[in-house]
Amino acid sequence: MVRLALASSLVVAAGCFVDQGSGTGPGGEATSATSSASNTSSGSSTADTTASTTDDPQTAGPGVTSDATTDTSTSGVATDATTTDTTDAASTTDATDSTDATSDATSDATSDATSTTGAPEEELLWHVDEPACAAPLWCYSKSPSNGVPARIWAQECYTSSFDGPVAIAELRYVVAALLGDVGLNDPKIEVYTRTDAGPGDLIDGRSLATGELTVGTHTIALDPPIVVDGPSFCVGLRVGPPNLNANASVGLATAGLATPTESYVKMSAASLACVIDPFADIAVLKPTPTAHWCIGARVISAD
């Protein structure tokens, strides 16, 4: 059970604030997959959160290729041993032309199928209506618009429509608000395995530049892509200063209504009201706002 306490000198409500002096245990929320996490992402004061998840991909299906088949029928022409019939010659010519046409059609169909299936299959995984991305989910004092220093792990879990492993080629996210010196935030992209309880093991982490934390929408190409051994994973950001006394924080945007086993949060802060450890399912924790993270990914089939 996650317990959210309040400092006596300052009423602090986290983006996960539930009740003054008490809290609800983390649960699971998702449209994609389920995960369980006990995470140690960063080398300073960090907070983990418990989470649970459910698989339900929201994806666009890959293109479908159909093979063309051409049937060829030929009719035999009988000729007399002592005579040559011009009708027979014409029939033979027609049969030859028909065979050539069949060969050309088959060749074209094969070429088309090759070019169609030659490109890698990909899909965009995204749980929200991007224009609705606005309200930040972070540690705040009195009002969600008044952020206070905290380190936040934001994870959105997905299950691709592909059967085998996938490569995460691109990350898309929205920043709603910033506090203090952005250079102190030491941001990272992080990808975890997806379990029934939320984010599981850390698969990979990539550092972000300071300019990739400005307010607005960001699309980051991952080169090389992060390969996941299966269609399910959790992806997101770790933002906020490792030194919790530093006056800095990042409010990642949210939208919609969180679905169990899809959206998870973990938080480390000087105020106990904002400590969430391990990953907690936002749909169960019911912070303000109780919404999906505006975090998505473009994946390519790696099968």
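The values are calculated or read from the model by the stated rules, or taken from the named source; none is laboratory data. This one's a predicted model, so the numbers in the text were calculated from it and none came from an experiment. Cβ: placed from backbone, ideal geometry, glycine included. Neighbour counts: every protein chain shown. Heavy atoms of the whole protein, side chains included, go into the accessibility calculation; ligands, DNA and RNA do not. Shrake-Rupley method; radii C 1.70, N 1.55, O 1.52, S 1.80 Å.
Observations
- Conditions (1) closer than 23 Å to V284 by Cα; (2) at pLDDT 95 or above: number failed by S145: (2)
- Evaluation of A154 against (1) under 15 Å from the mean Cα position of the chain (by Cα); (2) open to solvent by 10 Å² or more (accessible area, probe 1.4 Å) (one fails), failing number: (2)
- Residue list for the range 120-131, filter: open to solvent by less than 50 Å² (accessible area, probe 1.4 Å) and outside any strand (DSSP E or B): W126, H127, V128
- For the range 171-214, the tally of residues that are over 20 Å from the mean Cα position of the chain (by Cα) and touching a residue at least 24 places away in the same chain (Cβ under 8 Å) stands at 12.
- Residue in the range 133-143 that is open to solvent by 50 Å² or more (accessible area, probe 1.4 Å) and assigned to a loop (DSSP other than H, G, I, E, B) present: yes
- Residue ranges of strands (runs of 3 or more DSSP E) in the range 182-288 with at least 2 members surrounded by fewer than 16 Cβ atoms within 10 Å (Cβ to Cβ) and not aromatic (F, W, Y): 198-207, 216-228
- Qualifying residue in the range 286-301 (condition: more than 17 Å from A154 (Cα to Cα) and at pLDDT below 95): yes
- Criterion violated by D201 - all others in (1) over 17 Å from G240 (Cβ atoms); (2) touching an Asp or Glu at 6+ places or on another chain (Cβ under 6 Å) satisfied: (2)
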